[in-house]
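The structure appears right after this line, and notes come after that.
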Amino acid sequence: MQQPDRRNFVKTVGVCLVAMQLPRPLTALAAARGAQPVSLAPAEWRCVEAICAEIIPTDGDPGAAEAGCANFIDKALAAEDAHALPLYREALAAIDALCVDTHGRVFADLDGARRQGVLKAMEQGSLAHWNARMARAQDFFATIRFHTLLGFLADPKYGGNRDHVGWKLMGFPGPLHMVGGVTPEQMMGLQPVAPAWETPAGDGHGGGHR
Amino acid sequence: MAPPRRREVFDVCVIGTGAGGGVMIDELTRAGMSVVALERGPRLAHADFMAHDELTNIIRGTGFAPKLKETLRRSETETAQPRHFSMIGQCVGGSNVHWGAMSWRLRPDEFKALSQDGPVEGASLADWPVDAAEMAPWYDKAEATYGVAGGAVHNALRPGRRYPNPPHPPRSGSQVFDRAVRKLGYTPFPTPIAVNSRPYRNRAGCTNSGMCVMFGCPVDAKASPIAVGLPRALATGRLDLRPQALVHELAIDETGRIRAARYLDAAGAQHEVRARQFVLAGGSLGSAHLLLMSRSGRFRDGLANGSGLVGRNLMYHVLPAVYYRHETVTRGWLGPVSGQAIDDLHASDPARGFVRGAVITESYPATPIVYASSAGGLWGAALKDYLRQFNHVHALIGIGEDLPVHGNRVDLDPTHKDESGLPVWRITHAHHANDLKLKAYYEGKMREIATAAGAERSWVVDMTQGSTGHFMGTCRMGTDPEKSVLDRWCRSHEVNNLWVVDGGCFPTSGGYNPTLTIVANAYRVANRFVREARRLNLR
């Protein structure tokens with residue numbers, strides 16, 4: 001890679017603006033209170049949901065929409081990530097405003113190709129008319145991308161990964177400590193391992209350890 | 001009922017309850033000494049570990065150091081920026097609670113890197129003041145108390161010996177690694193791992209339920225101070241264990257010996273505890289940080305820092321890593337981080353274009369968010385496909401010896417303070433060119449292994465955003481007080497009631513995970529400590 005291109009690449013890479021290494025127990029509490037929005041106004045929720053649906057799309061398998069990633073983000077923005085709520089507000093308003101200016105509709109009402117075009121430009125920091133001051137477009141993109149991943153893959157108690165669709169997509173059986181021992185045969189795949197959500201705690205997998 | 005009367009002066013104050021501290025606490029209480037243990041982190045319960053999910057614990061949250069503030073820069077010419085960089089634990093038991101438990105003996109030449117490979121420009125290589133023969137019985141003891149599981153042969157250095165626990169059962173992905181390395185003419189052996197493969201010494205056998213590395217073990221199958229040494233120490237009645245005690249200064253008396261440790265409790269209240277002897281085991285970063293904060297007229301540059309080396313020569317390994325996609329399902333989400341390893345490529349060989357070496361281990365992404373973090377910036381259909389491949393992504397990880405460099409150091413940040421008003425520690429670090437060549441070499445070798453395995457594709461991965469939990473070197477041992485902080489017994493050259501028994505005492509880093517060496521070395525030092533105490537040489 002040419003030096004000038006590399007410098008530009010490093011400059012444009014987005015920085016995630018929420019803590020990656022933070023436990024989020026208050027988010028779980030907020031999610032436990034129900035799925036009513038607590039941070040995002042209806043238009044903001046729609047925009048978040050539409051962005052999440054492009055980051056982890058629905059194809060033959062459930063995606064961010066089915067997992068409830070927007071719900072996770074809404075709860076996180078009321079809890080450990082509350083410092084990012086003003087950024088979200090400003091960025092979402094900026095996105096919808098420039099979509100209306102350019103395409104005549106808000107982000108959520110654009111077709112898939114146009115939505116992806118907007119997000120690609122955000123990711124690269126080349127989105128025209130980005131007027132949010134709190135962060136560069138690529139930083140907001142990195143942030144909502146990470147939030148979407150958390151919403152898709154964190155334990156459902158945080159408000160996302162509804163019906164364990166994220167874990168099912170990955171073939172991850174969930175936390176197994178409470179359901180008992182896994183046998184050597186199960187380690188080799190000769191016997192199945194039931195996912196944690198299908199096994200009552202304490203039932204074990206039949207055998208424990210030798 | 002009146003509260004228990006607190007002692008006025010303890011025999012020993014141990015600061016930090018991780019791998020080194022846990023051993024010292026156990027051995028010294030066993031020898032009849034009164035010990036006060038000050039641990040900055042909380043005391044976590046097994047019920048906590050049972051309930052941990054990945055977000056509660058994400059890459060070392062909760063017990064790990066959620067409030068840790070540090071700053072980072074590459075060189076002295078830069079201003080360090082706040083960044084949570086260190087993947088260390090801060091709880092009773094320290095990083096030794098969430099570790100992956102791979103447990104190795106350093107190779108004989110890894111104690112003598114300077115003699116073996118000569119000086120390297122820009123590096124501060126030094127020989128350890130001990131050798132493999134002296135360490136051998138202490139490694140025996142460490143393996144026995146930690147219940148290391150492995151095969152009959154660790155590597156060519158110890159044929160015929162058996163580990164305390166037999167090897168763990170393989171997973172479906174293991175045969176892929178096995179076939180691939182054998183095809184290339186390498187000799188795989190079970191990775192020695194301090195997780196019980198059966199009930200051992202009153203601790204359960206592993207339940208193979210996964211969520212092992214980066215999590216505490218809910219059944220104590222994985223060895224740790226909270227499973228092994230601390231329960232015994234508490235049972236003696238001679239241990240006063242104080243969690244959430246943040247030591248910020250060691251106060252000296254008029255003779256230059258440490259008189260007291262000053263700490264803040266969870267409510268921010270100030271306390272002082274007196275002891276005759278002080279053992280620092282706060283980790284390579286924490287111990288150096290405390291010494292540097294403990295300034296006085298006699299020790300202007302920090303306690304026991306006449307050499308100027310406290311905080312310097314900071315090392316943390318390089319971790320070359322490759323993922324590869326293979327048609328065989330891994331089942332890497334079950335069981336501990338075990339499997340096999342190869343050491344055929346470990347020996348230092350300057351003809352390769354660098355010195356020192358690394359072990360290569362079979363590994364797997366084990367949990368969803370950690371795996372997803374390796375996706376780089378992928379989104380859309382590409383991200384979804386990446387997530388879908390989880391069952392088929394195998395991994396290879398190397399633990400690469402990095403060179404000590406005088407300018408790589410931890411010191412006190414001049415600007416940033418933590419919540420208690422203490423200066424945060426500032427890490428200045430840039431890898432020596434040798435480290436980068438070593439890393440690139442092993443990445444290439446791992447991709448060859450992946451190809452030999454029949455991988456559909458393979459790619460280099462940065463497991464940890466450049467960081468690790470393996471901090472070493474900041475209070476190096478040596479025979480010359482001008483070139484080292486500690487003597488061969490991990491005792492300060494200058495302050496005769498100060499001992500530092502964590503990874504900070506390592507002069508060089510070796511090409512293996514450091515914990516078993518920290519534990520073995522602590523047994524060696526504890527033995528000396530107790531003998532000196534019995535000879536009334538410790539006042």
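The values are calculated or read from the model by the stated rules, or taken from the named source; none is laboratory data. Quick caveat: nothing in here was measured; it's all calculated off a predicted structure. With ideal geometry, Cβ positions are generated from the backbone for all residues, glycine too; neighbour counts draw on all protein chains shown.
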**Asked** Any chance the stretch B:463-471 includes a residue that's under 30 Å from B:Ser172 (Cα atoms), buried (at least 24 other Cβ atoms within 10 Å of the Cβ) and among the hydroxyl-bearing types (Ser, Thr, Tyr)?
**Response** no
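Would you mind listing the strands (runs of 3 or more DSSP E) fully within the stretch B:298-415 where at least 3 residues are farther than 26 Å from B:Thr207 by Cα and either at the interface with chain A (Cβ under 10 Å from one of its Cβ atoms) or touching a helix residue (DSSP H, G or I) at 6+ places or on another chain (Cβ under 7 Å) (or both)? Can you show your working first?
Details: elements: B:321-325, B:340-342, B:358-363, B:393-400.
Correct list: B:321-325.
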**Request:** Could you please give the count of residues in the stretch B:174-207 that are within 22 Å of B:Leu516 (Cα to Cα) and crowded, with 24+ Cβ neighbours inside 10 Å?
**Result:** 8
**Prompt:** (1) away from every other protein chain (no Cβ under 13 Å); (2) crowded, with 21+ Cβ neighbours inside 10 Å; (3) not charged (D, E, K, R): which one isn't true of B:Gln90, the others all being true?
**Reply:** (1)
**Prompt:** Which residue pairs have Cβ atoms closer than 8 Å, lie 6 or more positions apart in sequence or on different chains, and pair a first residue in the stretch B:211-222 that is within 9 Å of another protein chain (Cβ to nearest Cβ) and over 23 Å from A:Pro23 (Cα atoms) with a second residue that is buried (at least 24 other Cβ atoms within 10 Å of the Cβ) and of a type in the set (A, V, I, L, M, F, W, C)?
**Reply:** B:Ala221/B:Val195; B:Ala221/B:Cys206
**Request:** Taking A:Ala97 as meeting all but one of (1) under 30 Å from A:Pro25 (Cβ atoms); (2) in a helix (DSSP H, G or I), write down the number of the exception.
**Result:** (1)
**Message:** Quick check on this structure: which one of A:Thr183, A:Thr199, A:Thr143 is hydroxyl-bearing (Ser, Thr, Tyr), more than 10 Å from chain B (Cβ to nearest Cβ), buried (at least 16 other Cβ atoms within 10 Å of the Cβ) and over 16 Å from the mean Cα position of the chain (by Cα)?
**Reply:** A:Thr199
**Fill in**
Considering residues that are surrounded by fewer than 19 Cβ atoms within 10 Å (Cβ to Cβ), farther than 19 Å from B:Tyr371 by Cα, within 12 Å of chain B (Cβ to nearest Cβ) and of a type outside the set (Asp, Glu), the number found within the stretch A:16-61 is 4
**Asked** Do the conditions hold for A:Phe172, that is, is it within 14 Å of chain B (Cβ to nearest Cβ), free of Cβ contacts under 8 Å to residues at least 40 places away in the same chain and either part of a helix (DSSP H, G or I) or surrounded by 17 or more Cβ atoms within 10 Å (Cβ to Cβ) (or both)?
**Response** yes
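Residue-by-condition table, conditions (1) of a type in the set (A, V, I, L, M); (2) under 14 Å from A:Glu49 (Cα atoms); (3) outside any helix (DSSP H, G or I):
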{"site": "A:Asp101", "(1), (2), (3)": "no, no, no"}
{"site": "A:Asn131", "(1), (2), (3)": "no, no, yes"}
{"site": "A:Met134", "(1), (2), (3)": "yes, no, yes"}
{"site": "A:Asp139", "(1), (2), (3)": "no, no, no"}
{"site": "A:Gly151", "(1), (2), (3)": "no, yes, no"}
{"site": "A:Asp163", "(1), (2), (3)": "no, no, no"}
**Message:** With the requirement that a residue be modelled with pLDDT of 80 or more and facing another protein chain (nearest Cβ under 8 Å), what does the stretch B:53-87 give you?
**Reply:** B:Asp53, B:Glu54, B:Leu55, B:His84
**Asked** Going by the structure shown, is B:Arg447 without any contact (Cβ under 8 Å) to a residue 40 or more places away in the chain and on the phi < 0 side of the Ramachandran plot?
**Response** no
